[in-house]
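Structure first, then comments.
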Amino acid sequence: MVGQRSAKDTARLIEEVARGDRLLEDIKDPQLRETVRLALHLHKDPFSGPDARTRSRIRSRVFQTLRPRGVTLVDRIAVAFEVLGKPAPYAMRALGVGLIVVAVGASTALVSAGTVADDALYPVKITSEQVRLALATSPEDRAVVELSIAEHRLAEATALATLGDEDDAIVATSEYGEHMANAAAELAVVESLQPETAMLIVQLQQRIGEHRALAAAAVARLSADPTRSSAAAALAAVAAPGSASSDLSPAAAIAQDAADAADEAAAVAERKAAAPTGKTQSSGSTDRSVSDDDSDAAPAAESARGATARPTERLTKREKVAGVARKAADEAKAAAKKAKQGSRRTPTPTPKDD
């Protein structure tokens with residue numbers, strides 16, 4: 001055969017000889033004929049690997065030539081990066097989930113800020129307020145948070161009263177006094193020790209003036225409707241000017257006025273709870289029917305008259321409301337007492353003119 005053969009030609013010759021289409025002796029090129037012969041021989045008798053004894057001998061020779069070296073700083077850094085790199089995807093996932101949870105929680109808390117009692121997100125609002133109080137470390141920070149909560153309660157009281165929910169409006173009014181008293185008590189502890197606290201008290205007095213104007217506007221709207229007279233009476237205690245003793249420090253006087261407003265709101269709730277179940281307190285409307293809750297409770301009260309000896313008599317909604325309002329008033333009184341004990345008489349700061 002003439003000419004240089006390519007690898008394809010050699011492979012073709014091997015296949016032809018293997019199939020019997022060509023005889024090995026027909027290949028004239030001795031080198032090519034030997035190549036084909038060896039290829040056919042290897043195909044019929046493939047090379048076998050070393051036995052187990054041979055492999056063991058080879059492994060021993062290789063291991064004897066190895067010389068271990070000490071761990072270098074580069075090795076330690078490489079291992080550290082390898083270890084830190086393995087949980088990275090999980091850390092990123094945890095971080096992503098955490099950010100989503102924080103975003104959802106923050107948006108939920110923001111949406112719940114304008115809710116009132118009986119709303120679905122109102123418990124979220126209460127929880128967020130408690131978290132803010134827990135995170136406040138200094139008396140000034142706690143006073144700011146308490147003031148914010150008090151303003152939320154006053155807004156709730158005016159909104160609920162406008163909607164006709166007198167019971168929850170009275171409770172919110174009493175809780176407004178509680179948180180205002182707490183805010184003033186926090187400042188009373190440091191008002192004689194930190195001169196800069198006097199400016200905070202001035203700002204607090206200015207905010208109280210705004211609260212009184214808001215409550216007075218609500219009372220003016222509610223006075224035209226006899227069915228909202230109780231809520232109007234509770235808010236009137238907030239709108240009225242303070243009557244605290246002049247012997248008190250500025251912060252203690254604010255706390256006492258707030259406690260008085262909370263106490264008056266609780267008294268309104270208690271008078272409403274003690275009123276006959278078939279009539280309201282409003283003058284000129286003695287034959288007006290009570291709310292649905294009290295109407296439903298009236299038959300139960302009638303049936304319970306014969307079992308007054310039972311120690312666990314079911315409370316009506318008005319009695320429960322009176323209890324919650326009274327608890328808030330008691331907390332306000334305790335805060336006012338704390339303000340008196342934790343402060344000394346200081347000159348009353350004068351609000352700056354706008």
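The values are calculated or read from the model by the stated rules, or taken from the named source; none is laboratory data. If you're wondering where the values come from, they're calculated on a predicted model, not measured in any experiment. Methodologically, a virtual Cβ is constructed for each residue, glycine included, from the backbone with ideal geometry; neighbour enumeration extends over all protein chains shown. Ligands, DNA and RNA are stripped out before the accessible areas are found, and what is left, the full protein with its side chains, is counted by its heavy atoms. Shrake-Rupley method; radii C 1.70, N 1.55, O 1.52, S 1.80 Å.
Within the range 156-171, residues that are crowded, with 22+ Cβ neighbours inside 10 Å have Cβ atoms under 8 Å from residues that are aromatic (Phe, Trp, Tyr) in these pairs: ALA157/TYR176, counting only partners at least 6 apart in sequence or on another chain.
Here ALA231, ALA198, ALA236 are screened, and the one residue that is in a helix (DSSP H, G or I), surrounded by fewer than 23 Cβ atoms within 10 Å (Cβ to Cβ) and in contact (Cβ under 8 Å) with a residue 60 or more places away in the chain is ALA198. Restricted to the range 184-195, and to residues there that are at pLDDT below 85 and either of a type in the set (D, E, K, R) or assigned to a helix (DSSP H, G or I) (or both), the residue that is surrounded by the most Cβ atoms within 10 Å (Cβ to Cβ) is GLU191. Looking across ILE170, ILE149, one residue alone is farther than 12 Å from ALA251 by Cβ, touching a His at 6+ places or on another chain (Cβ under 7 Å) and part of a helix (DSSP H, G or I). It is ILE149.
So which of LEU32, LEU23, LEU38 is modelled with pLDDT of 75 or more, open to solvent by 90 Å² or more (accessible area, probe 1.4 Å) and of a type in the set (A, V, I, L, M, F, W, C)?
Numbers: LEU32 fails: open to solvent by 90 Å² or more (accessible area, probe 1.4 Å); LEU38 fails: open to solvent by 90 Å² or more (accessible area, probe 1.4 Å).
Just a single option satisfies the conditions, and that option is LEU23.
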